[in-house]
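Q: Here it is, the structure in full.
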Amino acid sequence: MSLEVGQLAPDFEAKIETGASIKLSDYRGKKVILYFYPKDATPGCTAQACNLRDNYEQLLKAGYVVFGVSSDTEKSHQKFIEKQNLPFSLIADTELTVHHAYGTWVEKSMYGRAYMGTARTTFVIDEVGKIAEIIEKVDTKNHTAQVLKEPSLMKKQSLPELQKICSQLRRDVLRMVHAVQSGHPGAPLGCAEFFVALYFDQLNHNPDFQMNGKGEDLFFLSNGHLSAGWYSVLARSGYFPVAELKTFRKLNSRLQGHPATHEHLPGIRIASGSLGQGLSVAIGTAQAKKLDQDKSLVYVLMGDGELQEGQVWEAAMYAAHYGMDNVIATVDYNGQQIDGPTEKIMDLKNLKAKWEAFGWEVIETKEGNDLAAVIAGLERAKSLTGKGKPILNLLYTEMGYGVDFMVGTHKWHGSPPNDEQLALALGQLEETLGDY
Ligand SMILES: Cc1ncc(C[n+]2csc(CCOP(=O)(O)OP(=O)(O)O)c2C)c(N)n1
Ligand SMILES: [Mg+2]
């Protein structure tokens, strides 16, 4: 059954976490947020519940009562409420009666497999019991802002908070490659500010992962060997449990040395690692977004050494010719590649002039390890979209940034630190969010 705005919200009686029964019609005279979510304690559902918790005062002031609904048991709800200190009740719809009344028990698909589950949907019910709004595209991290239509409640973290995430990301990268004595620490250390600026400040994205990415900004990591940094930022922004970082590069892990889609890791939409392909994918995706009249943006990161791949320039030519002005490509301009400085291996010469000659709008972010500068650069890039040209962000970074003995050399491109080096490096990076 599909409900519509203006209809009377179906009444129901249901059990909450304490075992007590509540009846929707008992709340006439109040506005009710009835939010259906898939599962207690999963990243997206935790983000959504915590966002409602953190803004609960405003919700009360505006006259709302909040109820979460999932098919979890009373006991599971109790644990979730205690752990997250939630100030509202959760309905244990184990028999799915409320789901069926609201049409939120639906067939879903995960990588081609069909299964039944909860469609994350919020019904806003007014004082007389009518449906005032149905929110199907839930922004879990900013759900209160969505319900109250208050963009000012949109959560953006402050610069010092974001800087802390950079430090943690660097620790994650070093610990991950050290644990398996393989992998690539250098470039992800240099791109920490970029990853954090993108995922925690710039991207309009949903860690409740949907492969098709409709209505979201998308990011592709073309230089797949930066995987350790990408996995860290994905986990830290809620795509999968942070504890899973400890499986990096292990057999049967979802966190392969180079990102792959076979393993179904949320956040990954293409395999990468074979250099030179990401820009082509980003451009194809950007074209699909245009056809779908989806106004969101497509981001891609490439290495500077990677630009020695011929496919990059074919894609560059295509993007300019077809006016792909919803693409923001960033080049990690660290001047290093696997065997030495790019200047010695195969000189890139004047990259700015090259991209401009290919018809791109080029911006330079000269301080690629200064978080404020990286954010400002990405803001500027965003402001230049929609003007007929694709955008290229030349991001000047230092390979190995954050650890004094790793900076500015290709030596750490693909070598892990030993025990002693790890200890030294971690001593230079504050543990801020807790090691995995
Ligand atoms: C098609 C292809 N050729 C070669 C490689 C091997 N390779 C891996 S990383 C790398 C260096 C690339 O340089 P850059 O993009 O500057 O990365 P950085 O060293 O800065 O991390 C090379 C040649 C590869 N992964 N794919
Ligand atoms: Mg490089």
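Values quoted throughout were computed directly from the atomic coordinates according to the rules given, and no laboratory measurement underlies them. All figures in this text were calculated on a predicted structure; none of them were measured in a lab. Counting neighbours? That spans all protein chains shown, and the Cβs are built from the backbone with ideal geometry, glycine included.
Q: If you take the beta carbon distance between LYS30 and LYS156 as r and set R0 to 45 Å, what does 1/(1 + (r/R0)^6) give as a FRET efficiency, to the nearest 0.05? List each step's numbers first, then the result.
A: Values: r = 30 Å, r/R0 = 0.68.
For R0 = 45 Å, the calculated efficiency reads 0.90.
Q: Report, for segment 159-426, the % of DSSP beta bridges that are antiparallel, rounded to 5. Numbers along the way, then the final one.
A: Details: 2 of 23 bridges.
Beta bridges within segment 159-426, antiparallel portion: roughly 10 percent.
Q: Given a cut-off of 25 Å, what percent of all Cα-Cα pairs of segment 13-153 lie beyond it? Spell out each step's value before the answer.
A: Details: 2056 of 9870 pairs.
Value for segment 13-153 (Cα pairs over 25 Å): 21 percent.
Q: 7 Å from Cα along Cα→Cβ at both LYS366 and GLU127: what's the point-to-point distance in nm?
A: Computed distance between label sites LYS366 and GLU127 equals 5.9 nm.
Q: Taking Cα pairs under 8 Å and at least six residues apart, what relative contact order does segment 13-153 come out at, in percent?
A: Details: 251 pairs, mean separation 43.3, N = 141.
Answer for segment 13-153 is 31 percent.
Q: Right, something else. Need one number for the chain: average projected area of the convex hull over its C-alpha atoms, nm².
A: Details: hull surface 86.0 nm².
Spelled out: convex hull of the Cα atoms, projected over all directions, averaged, 21.5 nm².
Q: Could you point to the residue in GLY103, PRO259, GLN293 farthest towards the positive end of the chain's charge dipole, with +1 and -1 charges on the Cβ of Lys/Arg and Asp/Glu respectively?
A: GLY103
Q: In addition: Which of LYS83/LYS137; LYS156/LYS250; LYS246/LYS411 have a Cα-Cα distance over 29 Å? Write down the numbers at each step before the final one.
A: Numbers: LYS83/LYS137 26 Å; LYS156/LYS250 34 Å; LYS246/LYS411 24 Å.
Long pairs (Cα-Cα over 29 Å): LYS156/LYS250.
Q: Also, quick follow-up: Go through LYS61/LYS130; LYS79/LYS214; LYS366/LYS387; LYS141/LYS164; LYS31/LYS382 and tell me which ones have a Cα-Cα distance over 28 Å in this structure.
A: Working: LYS61/LYS130 20 Å; LYS79/LYS214 33 Å; LYS366/LYS387 23 Å; LYS141/LYS164 19 Å; LYS31/LYS382 38 Å.
Among LYS61/LYS130; LYS79/LYS214; LYS366/LYS387; LYS141/LYS164; LYS31/LYS382, the Cα-Cα distance tops 28 Å for LYS79/LYS214; LYS31/LYS382.
Q: Sorted from largest down, what three extents in whole angstroms do the Cα atoms of segment 74-164 have along their principal axes?
A: So the extents along the principal axes, rounded to whole Å, are 45, 38, 32.
Q: Please compute the modelled spin-label separation between LYS250 and LYS39, points set 7 Å along Cα→Cβ, answer in nm with one decimal.
A: About 1.9 nm, to one decimal.
Q: Report, in deg cm²/dmol and to the nearest 500, the calculated mean residue ellipticity at 222 nm for the chain, where each DSSP H run with n ≥ 4 adds -39500 (n - 2.57) and the sum is divided by the residue count.
A: Values: 15 runs with 143 residues, N = 436.
Dividing the helical sum by the residues of the chain leaves -9500 deg cm²/dmol.
Q: May I ask for the distance between the Cα centers of segment 270-302 and segment 114-190, given as a whole number of Å?
A: Answer, in whole Å: 21.
Q: As an exercise, use a Förster radius of 45 Å and the Cβ-Cβ distance of ASP201 and THR94 to find the FRET efficiency, rounded to the nearest 0.05.
A: Working: r = 40 Å, r/R0 = 0.88.
Here the calculated transfer efficiency is 0.70.
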